[in-house]
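Here is the structure we will look at.
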Amino acid sequence: MAQIELLIKEYYSRHGGKIIDCPFQPGNLKISEKACLKRYVAAQRKRFETFKVEDLFNYFVSQGLSRCQQCPIINNLAS
């Protein structure tokens, strides 16, 4: 467990400037700029449709991506 914490600290020390706190996702999501751009592109391609109650996984994925469609942070990252 201590080794994992050391790896996380090392990653943040190397890539700390490329990690952002996403205010639009629940749970204080920390995400890389590259992953943020990928989520934005996926959100633009995804067709949001009504899901059946039984399909909770796709429902929650689409709810998370729908927040990425109009994200103002992406404009700062793209420039």
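The values are calculated or read from the model by the stated rules, or taken from the named source; none is laboratory data. All values reported here derive from a predicted model rather than from experimental measurement. Using ideal geometry, Cβ is built from the backbone for each residue, glycine included, and neighbour counts are taken over all protein chains shown.
Taking the stretch 59-79, which residues are hydrophobic (A, V, I, L, M, F, W, C) and modelled with pLDDT under 80?
Phe60, Val61, Ile74, Leu77, Ala78, listed by residue number.
Hey, could you check the stretch 15-58 for residues that are loosely packed, with under 10 Cβ neighbours inside 10 Å and farther than 24 Å from Asn75 by Cα and say which is modelled with the highest pLDDT?
In this case the residue turns out to be Phe57.
Give me the pairs: first residue in the stretch 20-39 and aromatic (Phe, Trp, Tyr), second residue part of a helix (DSSP H, G or I), beta-carbon distance under 9 Å, and six or more apart or on different chains, which are they?
That search, which allows pairs on different chains as well, returns Phe24/Gly64; Phe24/Arg67; Phe24/Cys68; Phe24/Ile73.
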